[in-house]
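Right, one structure below, let's go through it.
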Amino acid sequence: MSEFEVSPAERIEFMISTDGFAIEAVAPEHDPPRGGYTYTIGFQDHAGFADVVVFGLTPVAARGLIGLVAEMLVDGTQIPIGVELVGLLDNELRCCFAPVDVAAHPDLFALAVDWHGSPDFAMVQLLYPDRNGFLPYEAGFDQRARFAQPVVGRVDLSG
């Protein structure tokens with residue numbers, strides 16, 4: 001490392017000390033294909049909520065959405081996990097925070113696993129609708145968007 005490079009741990013420490021939590025943006029891959037995504041580290045200590053992963057948005061857009069969620073939580077809003085919500089996204093669009101089994105996907109969250117020392121931490125996937133208002137686990141969801149927003153969180157469709 002040169003004198004101007006910082007380690008991932010130092011970068012996370014800096015973001016946590018500055019913003020209260022860290023953001024890790026992961027670029028899309030082509031072989032095998034996987035869309036880009038962004039996730040938090042340290043969200044539990046900052047907002048009293050699981051770390052959050054968002055697939056398919058640019059890092060800037062994901063950071064803005066995660067920042068909105070953080071503000072709401074810090075201001076006392078209770079966000080339920082595993083149920084559809086209206087009011088977080090514009091135009092009364094639905095979304096859902098689905099619990100993620102990090103141990104089943106440690107490669108997706110490698111930096112967070114390293115930070116925590118194990119995959120034993122809470123993570124939720126923020127699922128948002130396609131242009132027609134369908135969530136990724138619904139039959140009407142635009143199949144072309146499946147690559148960008150895979151469902152790695154657990155969704156209980158039993159109602």
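The values are calculated or read from the model by the stated rules, or taken from the named source; none is laboratory data. Nothing here was measured: the structure is a model prediction, and the numbers come from that model. Cβ coordinates were reconstructed from backbone atoms using ideal geometry, including for glycine residues, and neighbour counts include every protein chain displayed.
Answer yes or no as to whether THR58 is among the hydroxyl-bearing types (Ser, Thr, Tyr) and either buried (at least 19 other Cβ atoms within 10 Å of the Cβ) or touching a Ser or Thr at 6+ places or on another chain (Cβ under 9 Å) (or both). Break it down into steps so the answer makes sense when it comes.
Details: among the hydroxyl-bearing types (Ser, Thr, Tyr): yes; either buried (at least 19 other Cβ atoms within 10 Å of the Cβ) or touching a Ser or Thr at 6+ places or on another chain (Cβ under 9 Å) (or both): yes.
Taking the combined requirement at face value, the residue satisfies it.
Got a sec? Which strands (runs of 3 or more DSSP E) wholly within the range 1-88 have at least 2 residues that are touching a strand residue (DSSP E or B) at 6+ places or on another chain (Cβ under 9 Å), hydroxyl-bearing (Ser, Thr, Tyr) and within 24 Å of PRO136 (Cα to Cα)? So that I can check it myself, show each step before the final result.
Values: elements: 22-26, 37-41, 51-55, 84-86.
Strands (runs of 3 or more DSSP E) meeting the threshold: 37-41.
Can you tell me how many residues in the range 107-159 are surrounded by 13 or more Cβ atoms within 10 Å (Cβ to Cβ), in contact with an Asp or Glu (Cβ under 9 Å, 6 or more places away or on another chain) and polar (S, T, N, Q)?
1
Can you pull out every residue in the range 113-145 that is among the charged types (D, E, K, R) and more than 18 Å from the chain's Cα centre (by Cα)?
Result: ARG131, GLU138, ASP142, ARG144.
Would you be able to tell me the number of residues in the range 62-88 that are closer than 15 Å to ALA22 by Cα and either surrounded by fewer than 17 Cβ atoms within 10 Å (Cβ to Cβ) or touching a His at 6+ places or on another chain (Cβ under 7 Å) (or both)?
Applying the first criterion (closer than 15 Å to ALA22 by Cα) to the range 62-88 yields 62-71.
Then drop every residue that is not either surrounded by fewer than 17 Cβ atoms within 10 Å (Cβ to Cβ) or touching a His at 6+ places or on another chain (Cβ under 7 Å) (or both), which leaves 64, 67-68, 70-71.
Selection size over the range 62-88: 5.
Given (1) modelled with pLDDT of 95 or more; (2) farther than 16 Å from VAL100 by Cβ, identify the lone condition not met by ASP51.
The failed condition is (2).
Out of curiosity, is ALA103 farther than 18 Å from MET15 by Cβ, free of Cβ contacts under 8 Å to residues at least 24 places away in the same chain, of a type in the set (Gly, Ala, Ser) and not in a loop (DSSP other than H, G, I, E, B)?
Values: farther than 18 Å from MET15 by Cβ: yes; free of Cβ contacts under 8 Å to residues at least 24 places away in the same chain: yes; of a type in the set (Gly, Ala, Ser): yes; not in a loop (DSSP other than H, G, I, E, B): yes.
Against the criterion (farther than 18 Å from MET15 by Cβ, free of Cβ contacts under 8 Å to residues at least 24 places away in the same chain, of a type in the set (Gly, Ala, Ser) and not in a loop (DSSP other than H, G, I, E, B)), ALA103 qualifies.
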